[in-house]
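Everything below concerns the one structure shown next.
The values are calculated or read from the model by the stated rules, or taken from the named source; none is laboratory data. Here the structure is a predicted model, which means the values were calculated and not measured. Positions of Cβ are generated from backbone atoms using ideal geometry, with glycine treated the same way; all protein chains shown enter the neighbour counts. These accessible areas exclude ligands, DNA and RNA; they are computed on the full protein's heavy atoms, side chains included. Shrake-Rupley method; radii C 1.70, N 1.55, O 1.52, S 1.80 Å.
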Amino acid sequence: MDVKTFIEDKVREIKDTVGSAGAISALSGGVDSSACTVLAHRALGSQLKVIFIDDGLMRESEPQEVAAVFAGLGITVEILDAQQEFFGALKGKLDPEDKRKAFRQVFYEVFGKAVKKGKCRFLIQGTIAADIIETKGGVKTQHNILEQIGINPEKGFGFKVVEPIKELFKPDVRRVAKELGLPESVYRRMPFPGPGLMARVVGDVTPDRVALVRRATRIVEDEIRRHKPFQAFAVLLSDKGTGVEAGKRKFGEIIIIRSVESKDAMTARASRVRWGRLQKMAARITAEIPSVTRVCYELTGKPPATIEYI
């Protein structure tokens, strides 16, 4: 793929599709949505409104950090607080597909309201090839897939969807993002699931349980960043494990550390993390999150496992 030609073609395509209408870019801070946002900004300028939905499922301070990065690129990001809506929709849901579909519904309802309020007609989003393949193949419902599975976004939510990079896999998206001038912290960023930390909470998704896995994920990312895996994070299980504290029994949470190597997220293998590094992560997690009594390292590749847990 000639990256410069691809960018020129997509900028022209977005201009032709949107015309004189307004559009909203759905930004999450990941490389996919970031690349689409910059493409759309080049094509539309002031016609484009960039929105980051704060669903309460992101990393610590992520909405503000993403907005700051794009401010440095001359792009204003509006942060919409929709935490109440998302946690309300997820309450009591335990089945992974039920969770993903509930998230998708709220995600597009929130953007539907924003599109209507802004008198726009188009939503621009960072769907990539892997999202489509996994959803259509029945592996898992990706939150950003609609038309490919027969859902009409205009009829259901009031907007048309534009997906400039839907034919690309992650390595080519990174090349595009780099060429667009995005900082290395963005174009080399580890993948983060569209439904956020929901995908790393097995069982009930509550603010407290999300806060716990958020803290554990920060520790894992801090400790493993220098090794530059494709993806690394923490998972909170629904089961609990017996521990001991001050000579007494303690029944606490179980955290799984997951780190994988991959090129395009379609297949993956567990990272060969040094034993000392794993021990340090486990020690930090149990010390900094006292409710955790056990920490395990995940060795399963993809297939048979998926990278994320939900």
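Before moving on, here are some points about what is shown:
- Of residues in the range 288-310 being of a type in the set (D, E, K, R) and part of a strand (DSSP E or B), the one nearest to R189 (Cα to Cα): K302
- Here R12 fulfils each of the conditions (1) surrounded by fewer than 20 Cβ atoms within 10 Å (Cβ to Cβ); (2) of a type outside the set (S, T, N, Q); (3) under 26 Å from E65 (Cβ atoms) apart from (3).
- Among residues of the range 137-155 that are closer than 15 Å to F111 by Cβ and open to solvent by less than 60 Å² (accessible area, probe 1.4 Å), those with a Cβ under 7 angstrom from a residue that is assigned to a loop (DSSP other than H, G, I, E, B) and polar (S, T, N, Q), sequence gap 6+ or separate chain, pair up as N144/Q125; N144/T127; I145/T127.
- You will find that of P171, P193, the residue that is open to solvent by 30 Å² or more (accessible area, probe 1.4 Å) and either touching a residue at least 60 places away in the same chain (Cβ under 8 Å) or not in a helix (DSSP H, G or I) (or both) is P171 and no other.
- Being under 30 Å from A234 (Cα atoms) and of a type in the set (G, A, S) is a condition met by at least one residue of the range 8-27.
- Check on G72, over 24 Å from R12 (Cβ atoms) and over 19 Å from the mean Cα position of the chain (by Cα): yes
- Criterion: touching a Phe, Trp or Tyr at 6+ places or on another chain (Cβ under 9 Å), closer than 24 Å to V220 by Cβ and either at pLDDT 95 or above or open to solvent by less than 10 Å² (accessible area, probe 1.4 Å) (or both) - qualifying residue of F122, F86, F111: F86
- The range 196-218, residues that are in contact (Cβ under 8 Å) with a residue 60 or more places away in the chain, among the charged types (D, E, K, R) and open to solvent by 40 Å² or more (accessible area, probe 1.4 Å): D204, R214, R215, R218
- Residue check, R59 at pLDDT below 95, buried (at least 20 other Cβ atoms within 10 Å of the Cβ) and not polar (S, T, N, Q): no
- Residue, surrounded by the fewest Cβ atoms within 10 Å (Cβ to Cβ), within the range 258-285, restricted to residues that are in contact (Cβ under 8 Å) with a residue 24 or more places away in the chain and part of a helix (DSSP H, G or I): K280
- Selected residue (only one of I75, I79, I24 is out of contact with any Leu (no Cβ under 6 Å at 6 or more places or on another chain) and open to solvent by less than 20 Å² (accessible area, probe 1.4 Å)): I75
- Going through (1) assigned to a helix (DSSP H, G or I); (2) among the aliphatic types (A, V, I, L, M); (3) farther than 21 Å from V292 by Cβ one by one, V213 falls short only on (3).
- Selected residue (only one of I255, I285, I224 is within 26 Å of S185 (Cα to Cα) and at pLDDT 95 or above): I285
- Just one of the numbered conditions (1) under 20 Å from K160 (Cβ atoms); (2) in a helix (DSSP H, G or I); (3) open to solvent by 10 Å² or more (accessible area, probe 1.4 Å) is not true of T37: (3).
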